[in-house]
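Have a look at the structure below before the remarks.
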Amino acid sequence: MTKKRHLAVGVAVAMMLCGGTVLAWYRYQWRAIWEQTAFRRPYAVAAHDDDTLRVLMIGDSWAQMHQENGCDTMLSRMIHEQTGGPVKVASKGRGGAVSKAVYHLMYGETAAADSACCMEQMLKGGADYCIVIAGINDAVANLGPAFYVRHYDLILRTLQAWNMRPVVIEVPDVGIYDMYSRKDWKDLALDRLRAWMTGAAMYDVGLYRLALRDRLLPAGDSIVYVPHEQWNGERGRDRSRLYLSDQIHLNHDGYHALDSCIAVCIARDYLSDTDSLKKSMGGQSQQGAADNE
């Protein structure tokens, strides 16, 4: 009996040591999740004094496909219809990019094969607004809300340093779980392990969305926020209507719905600022006239 007990204890200890070794190895392999990315000094961007409203879009495959599918022209037209003035729209993104990668792409940090996705030259041209689309890949990789919010914050701080108003696209309820739950057992096991280590439920987009909302609450009027309910409110129906067969990427109708909502939000903010500026200048003129009298 004693020998069996000793054997059982030995097996248990061996399993614990083996499990601890595996956890330590993957913790090292995934160390980038916990490494702090330092805020970089923003480079200089162009300033414009004409009446053209300039809008950029950066992010993951949604931004990349926005450019590739010719949606920049569509969004430009939609904003023009709302504001009545000239509008220029440009977008760049990289498929599979998580929030940290998007931040690095803003500074031209990319492999030669990804040079077409580099956002630095586009950003150096300056803009009034910059649309940010990121978060789906963070949820796919189970990197955790803390990782996501930390790097999204770096993106926002950089844009604000350039006097570009960030337009935050809230992460919608895409079909991540339906797609990736069909992975083989090894990949699923690693996904579960990463989710456990980051404290996030697997493929739970809602956690990332709520974490970003909490971060943005103090921001107030310094950003334009586009809730997913405004264009993607009917989740089940919208997946078949607005998405490709993978239920993650938008089809043409999906981009039309998203861009229509973006155009309304940007135009509302832009016209509000324009009206405020006119009132301010009008008040200064009246004060100047009174002083001259």
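Might you tell me the accessible area per residue for region 68-178, computed with a 1.4 Å probe and given in Å²?
Working: 3680 Å² over 111 residues.
Per-residue value: 33 Å².
Computed from the Cβ-Cβ distance with R0 of 41 Å, the FRET efficiency linking Arg41 to Glu229 stands at 0.65. In this view, the solvent-accessible surface of Lys186, computed with a 1.4 Å probe and all protein chains in place, comes to about 120 Å².
Residues with beta-carbon under 14 Å from that of Thr73, excluding Thr73: net charge, scoring Lys, Arg +1 and Asp, Glu -1? Let's see the in-between values first.
Working: positive: Arg77, Lys88; negative: Glu68, Asp72, Glu81, Asp259.
Value of the local net charge: -2.
Computed over protein heavy atoms with a 1.4 Å probe, the carbon and sulfur contribution to the accessible area of region 76-168 reaches 49%.
Please report the net charge: other residues with Cβ closer than 9 Å to the Cβ of His151, K and R +1, D and E -1. Intermediate results must be reported in sequence, preceding the final value.
Values: positive: Lys100, Arg150; negative: Asp138, Asp153.
Neighbour charge sum, excluding His151 itself: 0.
In sequence order, region 39-55 has phi-based couplings of 6, 8, 5, x, 7, 6, 10, 6, 10, 10, 10, 8, 9, 7, 8, 9, 10 Hz under the Karplus curve 6.51 cos²θ - 1.76 cosθ + 1.60, θ = phi - 60°, and Gly or Pro positions carry x.
The values are calculated or read from the model by the stated rules, or taken from the named source; none is laboratory data. Remember, it's a predicted structure, so these values are computed and weren't measured experimentally. Here the Cβ is made from the backbone with ideal geometry for all residues, glycine too, and neighbour counts use every protein chain on show. To get the accessible areas, we keep the full protein, side chains included, count just its heavy atoms, and leave off ligands, DNA and RNA. Shrake-Rupley method; radii C 1.70, N 1.55, O 1.52, S 1.80 Å.
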